[in-house]
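Written out below as structure tokens is the structure these notes cover.
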Amino acid sequence: MLGSSVASIGDYAFYYCNGLTSVTIPESVISIGDKAFSNSSGLTMINVENGNNHYKSIDGVLFDFEATTLIQYPMGNSRVAYIIPNSVISIGNYAFWGCNGLTSVTIPESVISIGDKAFSNSFRLTTINVENGNNHYKSIDGVLFDFEATTLIQYPMGNSRTTYIIPESVISIEDDAFLSSYRLTSVTIPESVTSIGEQAFSGCFGLQKVINYAKEPQQILSNVFENVGLSDVQLFVPSLSVDKYRTAEVWRDFGAIKDVESGINAVEVGDIIVSGGMLHNPAGKEIRIYDLNGREVYSGNDNELRFPDGFYILQTSRGNRKVAF
């Protein structure tokens, strides 16, 4: 327990204090600095004394006194699911960073602000939910976006997908968005994306293929694909842009840069055939089909399927293929 004379807790005051399991904040504290309790892997509870008029603890989680700002979720807490109270308007910077016990978090409709890297580096987190009625954020297949789905904020690090197709509405990918999502082997970036934040795909060491439909290579920093091993990753881009990517910073470091059509249409899909608006799957193999916004529209092993006219991504055990119905 902190001394009763303490009025202020500084930035990083308990940062990386892995031996701590609990902290009690006295009623005298009126100010808590940035990341004061962040990255302390053993911390299970942050308590606040009765009588403190600036902060409170609810189930071991630190809030401001009115519980409108969630300041810090204790990194070592063993909960697997957490529903943020509906009084919360703002989620602080790094609030859930590295909270490896959590598999799901639900954001209430009241939240209008989410701080930097609030859900980053949580390796068991599979789903970030957003309640219906929230007009500032949304979840698509467990991935966190702004309400218009123009900004991809956080892909949950613990999700078991191996392939992810970023929706075509997305313009910006935030810092750390896919940080250490090591299960991913293939990511598709739509033409709409013009901005990719720092360390967006850092630590995605399982990547084998990136499909980027942008005609002009996005200007990115070297840490966007840090610890990926780009020499072993194939990059597929529009045919008229291959030479641009081969000379662009960072993109040129990929092991092979090819025409995007060769990356999609040449993938072997066994005896699965799409013809005359029908998909024929005589062997009954497990397949998934996504629309071009990355939404799964089918999962199963039916022998025949028909879909509305348009383009889709067919996923089989052998790879992906863009198909037309």
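Read the figures in this text as sums done on the coordinates, not as results from a lab. Only a predicted model underlies this, so the values are computations on that prediction, with no experimental measurement involved.
Structure notes:
- log₁₀ of I(q)/I(0) at q = 0.23, 0.25, 0.26 Å⁻¹ - the stretch 11-52, Debye sum with one point per alpha carbon: -0.77, -0.87, -0.92
- Taking amide hydrogens as placed 1.01 Å from N in the peptide plane, the amide H of GLN72 sits under 5 Å from those of LEU62, each at least 5 positions away in sequence or on another chain.
- For mean projected area of the Cα convex hull in nm², calculated from these coordinates, the label among (1) 17.7; (2) 18.5; (3) 37.3: (1)
- Restraint check, LYS117/LYS258; LYS117/LYS322; LYS215/LYS322, Cα-Cα greater than 26 Å: LYS117/LYS258; LYS117/LYS322
- Whole-Å semi-axes of the ellipsoid equivalent to the stretch 273-324 (Cα gyration tensor, √5λ, descending): 15, 13, 10
- Distance distribution note for the stretch 1-136: the fraction of Cα pairs above 18 angstrom is 51%.
- Cα-based Rg / Dmax (Å) for the stretch 173-325: 16.3, 46
- Contact order normalised by residue count of the chain, Cα under 8 Å, 6+ apart, percent: 8 percent
- Calculated Rg and Dmax of the stretch 161-260 using C-alpha coordinates, Å: 11.9, 31
- Using θ = phi - 60° and Karplus 6.51 cos²θ - 1.76 cosθ + 1.60, couplings along the stretch 66-83 (whole Hz; Gly, Pro as x): 7, 6, 9, 10, 8, 8, 8, 8, x, 4, x, 5, 8, 4, 9, 9, 9, 9
- Calculated [222 nm] ellipticity per residue, helices only, for the chain: -500 deg cm²/dmol; basis is -39500 (n - 2.57) per DSSP H run with n ≥ 4, divided by all residues, nearest 500.
- Rg/Rh (Cα only; Kirkwood hydrodynamic radius) as it applies to the stretch 93-217: 0.94
- Dividing the mean sequence gap of close Cα pairs (under 8 Å, 6+ apart) by how many residues the stretch 273-324 holds gives a relative contact order of 36 percent.
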